1. From (1) part of a helix (DSSP H, G or I); (2) under 22 Å from Ala119 (Cβ atoms), pick out the condition that doesn't hold for Ser15.
2. Can you find a residue that is more than 22 Å from Thr45 (Cβ to Cβ), in contact with a Cys (Cβ under 9 Å, 6 or more places away or on another chain) and part of a loop (DSSP other than H, G, I, E, B) anywhere in the stretch 95-112?
3. May I ask you to list the residues in the stretch 24-36 that are without any contact (Cβ under 8 Å) to a residue 12 or more places away in the chain and either among the hydrophobic types (A, V, I, L, M, F, W, C) or over 20 Å from Ile129 (Cβ atoms) (or both)?
4. Suppose we filter Leu63, Leu55 for residues that are part of a helix (DSSP H, G or I) and open to solvent by 40 Å² or more (accessible area, probe 1.4 Å); which single one remains?
5. For the stretch 130-161, how many residues are over 25 Å from Gly90 (Cβ atoms) and open to solvent by 40 Å² or more (accessible area, probe 1.4 Å)?
6. Can you give me the number of residues within the stretch 95-146 that are more than 15 Å from the chain's Cα centre (by Cα), touching a residue at least 12 places away in the same chain (Cβ under 8 Å) and more than 19 Å from Leu164 (Cβ to Cβ)?
7. Mind listing just one residue for me: the one in the stretch 76-93 that is over 16 Å from the mean Cα position of the chain (by Cα) and part of a loop (DSSP other than H, G, I, E, B) and, of those, nearest to Pro163 (Cα to Cα)?
8. Out of the residues in the stretch 162-182 that are open to solvent by 10 Å² or more (accessible area, probe 1.4 Å) and not in a loop (DSSP other than H, G, I, E, B), which is nearest to Pro149 (Cα to Cα)?
Amino acid sequence: MRSIVLATHNPGKVSEITDLLKKFNLKIYSAKYFKITEPIESGKTFAENAIIKSLYVSKKTNLPSLADDSGLCVPILNNQPGIFSARWAGKEKNFQKASNLIEQKMRNICSMTKKNREAFFCCALSLSIPNGDIYTFEGKVHGHLQFPPKGNNGFGYDSIFVPLKFKKTFGEMTHKYKERISHRKKAFIKLEKYLFKV
């Protein structure tokens, strides 16, 4: 495998995934490079949506494709926003608005104790090969939510999420530091084990 297409138009994800793939000396493209529109994500889980995206892009380009589907899950909200994490931010990708919505929903049903603010990020990676083979890998990182948001690094919900055993949000951490402990990194460790075998 010498080339791979990242099945995403999210520049934050492209940057993080490209960094994580550096050691493999791959030629890395994004779906945007091929002017591929995003498929409808009709899956019920992160893994199902990742497969939909990687398979779609692999078929369009006849190249291996890697897709990431990830999101924030809040147990007190029945694991919402979950697979709809990006959709809560709307077409304008306004995650400040989405974060405010999470806080509002939580305050409407519970006191904001640390226990009630528990949350986790989940990342599912799907690697689709043109021969039809599909591989999935999943990683999670647990923690709690912080309101108001803190930090301008990262993207998405990073500024409201504090990982377990840390005091800073992902949004306050440097990209390199976050990369060491993130849900995406945990999924990539599993992906790496597969890539080193082939």
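1. Evaluating Ser15 over (1) part of a helix (DSSP H, G or I); (2) under 22 Å from Ala119 (Cβ atoms) leaves (2) as the failure.
2. no
3. Within the stretch 24-36, Lys35 is the sole residue that qualifies.
4. On the way: Leu63 fails: part of a helix (DSSP H, G or I).
After applying the criteria, what remains is Leu55.
5. The qualifying residues number 10.
6. Applying the first criterion (more than 15 Å from the chain's Cα centre (by Cα)) to the stretch 95-146 yields 96-118, 128-135, 143-146.
Among the residues that remain, those that are also touching a residue at least 12 places away in the same chain (Cβ under 8 Å) are: 96, 98-99, 101-103, 105-106, 109-110, 112, 114, 116-118, 128-130, 134-135, 143-146.
Those still in the list that are more than 19 Å from Leu164 (Cβ to Cβ) too: 96, 98-99, 101, 103, 105, 109-110, 128-130, 134-135.
Residues meeting the conditions: 13.
7. Within the stretch 76-93, the first condition is being over 16 Å from the mean Cα position of the chain (by Cα), and the residues that meet it are 76-78, 90-92.
Narrowing the set further to residues that are part of a loop (DSSP other than H, G, I, E, B) leaves 78, 90-92.
Numbers: Asn78: 19, Gly90: 25, Lys91: 28, Glu92: 27 Å.
By that ranking, first place goes to Asn78.
8. Among those that are open to solvent by 10 Å² or more (accessible area, probe 1.4 Å) and not in a loop (DSSP other than H, G, I, E, B), it is Glu172.
The values are calculated or read from the model by the stated rules, or taken from the named source; none is laboratory data. Quick caveat: nothing in here was measured; it's all calculated off a predicted structure. Cβ: placed from backbone, ideal geometry, glycine included. Neighbour counts: every protein chain shown. The protein model used for the area step is the full one, side chains on, heavy atoms only, and it has no ligands, DNA or RNA in it. Shrake-Rupley method; radii C 1.70, N 1.55, O 1.52, S 1.80 Å.
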